[in-house]
Amino acid sequence: MSDPTTDPAAAAAAAAAEQLRATAESTELLLHTLAELDPAELSGPSGLPGWSRGHVLAHVARNADSLVNLLTGARTGRAIPQYPTPESREAGIAAGAGRPLAEQVADVRESQQRFLDAAALLAPEHWTVEITHRTGYVFPAWQIPARRLAELEYHHVDLNAGYTPAHWPEPFAIAEFRRLGEHFGGAKGLPGVLLVAEDAGLEARIGGEGADLTAEGPVRALTGWLSGRSNGDGLQVRRGDEGLVDPRSALPELPPMG
C-alpha cells in the first residue's frame, strides 16, 4: 500500500476522498432543507440577484454534471470541457428552474450520485492530473471535490430557506476563510482589514498594506462576510482602539469572491 506521506498520488487520492465524503454529507443536509420547503416557495427569490430558488437548485444539479466531465477528463486523458459552451451552462439553468420541487429534489440527488460514481472510477494517479475550470483556471483533479463542496455549501445558503453561514461545517468555513483571505490579500483599492477568527485561532489581512480596521468574530461569520453571504452580523469591528457600532456600515464592500 502506498504511503500518502511520500506518494503524491496517494496523498491526492486521500485528500479527494475526504472532500467527497463531505459532499455527500452536504447533499444530505440540502435534501433535508428541501424536504421542509413548501413547493410554492420554489419560485420565490433566492439570495442571488435575478435567480429564484429553482434557479439555484438547477445550477447545483448541472454543476455536478459539469464536474463529472472534468473527472472523466482526468481519468481518460481527454480534454473534456466543463460545459460545452458558456451559453449551454446558462440555458441548462434556465431550463431547469421552473420544474416542480419533486423533480428538482430528484435531480439534485441523482446528479450528486453521478458525481460520486464518476469519482469512484479514478485511480490515485488520476487525481494528480491537471484539468481546466470553465473560467480557464488550471488546477489538479484532487481539488474537484472541494469545489463541489463549495457549490453545495454556498448555494445552500443562497437558497434563502433557513440555512445560514452559522450552519457551515467548521472545516469548510476554515478552508474558505484561508482561501478567501489569500484571494483578497492583495486586492487593489480595498481598504486594509485584519480579520481575526477567534474560535479557530486564525488571522488574515486583506486589502491594502497595514490594517485600518480589525474585524473579529467566529470563523463562520467572517467567511460569511468574505463570501458575500453575510453583511457582517456577528462581527466586532474597530478602528485602532475605537469600537465601531455597526459593522455593516464600517466594513468595506468586497469585490466578487474567486
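The values are calculated or read from the model by the stated rules, or taken from the named source; none is laboratory data. Just so you know, these numbers come straight off a predicted model, no measurement behind them. Note that we place each Cβ from the backbone using ideal geometry, even for glycine, and neighbour counts take in every protein chain shown.
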message = Conditions first: (1) exposed (fewer than 13 other Cβ atoms within 10 Å of the Cβ); (2) in contact with a Ser or Thr (Cβ under 6 Å, 6 or more places away or on another chain). Val56 passes all but one, so which condition is the exception?
response = (1)
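Got a sec? Which of Arg179, Arg134 is of a type in the set (Lys, Arg) and closer than 25 Å to Ser111 by Cα?
On the way: Arg179 fails: closer than 25 Å to Ser111 by Cα.
Of the residues listed, the single one that is of a type in the set (Lys, Arg) and closer than 25 Å to Ser111 by Cα is Arg134.
Here's the yes/no breakdown for (1) in contact (Cβ under 8 Å) with a residue 24 or more places away in the chain; (2) not polar (S, T, N, Q); (3) not assigned by TED's automatic domain parsing to the domain that holds Arg62:
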residue	(1), (2), (3)
Gly92	yes, yes, no
Gly96	yes, yes, no
Gln104	yes, no, no
Gln112	yes, no, no
Phe115	yes, yes, no
Leu121	yes, yes, no
Glu125	yes, yes, no
Gly136	no, yes, no
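Anything in segment 66-107 that is closer than 28 Å to Ala40 by Cα and either among the acidic types (Asp, Glu) or in a loop (DSSP other than H, G, I, E, B) (or both)? List them, or say none. Can you show your working first?
Quick first cut of segment 66-107, residues closer than 28 Å to Ala40 by Cα only: 88-107.
Selection gives Glu90, Ala97, Gly98, Arg99, Pro100, Glu103, Asp107.
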inquiry  = Any residue at all in segment 85-92 that's closer than 16 Å to Arg148 by Cβ and surrounded by fewer than 22 Cβ atoms within 10 Å (Cβ to Cβ)?
reply    = yes
inquiry  = For the condition modelled with pLDDT under 95 and on the phi > 0 side of the Ramachandran plot, what is the one hit in Gly162, Gly189?
reply    = Gly189
query = Scanning segment 36-58 for residues that are charged (D, E, K, R) and part of a helix (DSSP H, G or I), which turns out farthest from Leu159 (Cα to Cα)?
reply = Glu41
Output for segment 150-171, where each listed residue is closer than 25 Å to Pro45 by Cβ and either in contact with a Cys (Cβ under 9 Å, 6 or more places away or on another chain) or in a helix (DSSP H, G or I) (or both) = Ala150, Glu151, Leu152, Glu153, Tyr154, His155, His156, Val157, Asp158, Pro165, Ala166, His167
message = I'd like to check something: does segment 26-35 contain any residue that is touching a residue at least 24 places away in the same chain (Cβ under 8 Å), among the hydroxyl-bearing types (Ser, Thr, Tyr), in contact with an Asp or Glu (Cβ under 7 Å, 6 or more places away or on another chain) and assigned to a helix (DSSP H, G or I)?
response = yes
ask   = Taking the stated definitions as given, is Glu198 closer than 28 Å to Gln19 by Cβ and surrounded by fewer than 18 Cβ atoms within 10 Å (Cβ to Cβ)?
value = yes
Matching residues, segment 110-127, being crowded, with 17+ Cβ neighbours inside 10 Å and more than 16 Å from Gly73 (Cβ to Cβ) = Ser111, Gln112, Leu116, Pro124
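How about segment 199-213: which of its residues are at negative phi and either within 22 Å of the chain's Cα centre (by Cα) or at pLDDT 95 or above (or both)? Before the answer, list the steps.
We begin by selecting, within segment 199-213, every residue at negative phi; these are 199-200, 202-206, 208-209, 211-213.
Selection gives Asp199, Ala200, Leu202, Glu203, Ala204, Arg205, Ile206.
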